[in-house]
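Student: Please find one structure pasted underneath; my questions will follow.
The values are calculated or read from the model by the stated rules, or taken from the named source; none is laboratory data. These figures come from a predicted structure and were not determined experimentally. Cβ coordinates were reconstructed from backbone atoms using ideal geometry, including for glycine residues, and neighbour counts include every protein chain displayed. Note: accessible area is taken over every heavy atom of the protein model, side chains too, but ligands, DNA and RNA are not part of it. Shrake-Rupley method; radii C 1.70, N 1.55, O 1.52, S 1.80 Å.
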Amino acid sequence: FVNFIHLFFKELWVGSLIGLLTIFLPGVSRIKNARLTATMLWLYSRMLTVVFAGIGITGAYIVWLHLKDPQYLFTTEWGRLFIILSVFANLLVAVRLYHHVVVDRAWLKPAARWVTYTLALEMILGIAVLFVSSFLIVTTPPFPGEQFSFERHAVSQGANISMIPYPYESKNFLI
């Protein structure tokens, strides 16, 4: 359920950006009503604040469930993909905070003229997050308890006896 909520919020964020840039802003630019555009972008930014909170809370929970130990960030494929995802996600959050703090303020008019480009950058970063997330979802998270390190060797009446983990079935041993 948490994974569903997380994916829903992520898709809402990136999907609404795509809709905003491809449908809403071109339509409003034909009307040429700056006040309407500013109000809608302000409301959109407020909606994304709730979405951002949902993504952050559910994302932290999902990482806690899968990662378990920070050492797996650098020793597993899941951890490496998570690092890449974190880079894109942090860039995405930085651009979103720029929109939320700088562009939404009416007294910063010079920043508002770049809003189409910065929204496009946010959309591209969002698509990159979704792309890396799709690889992360299908990658097996690290399972620390599944690998046996047990190994015994003995010599009896001139015969060597070894007991080692079976390489193809992790819960079986070879003697």
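Student: May I ask you to verify whether GLY79 is in a helix (DSSP H, G or I) and in contact (Cβ under 8 Å) with a residue 60 or more places away in the chain?
Tutor: yes
Student: If you go through segment 1-51, how many residues are part of a helix (DSSP H, G or I), at pLDDT below 85 and open to solvent by 50 Å² or more (accessible area, probe 1.4 Å)?
Tutor: The number of residues fulfilling the criteria is 15.
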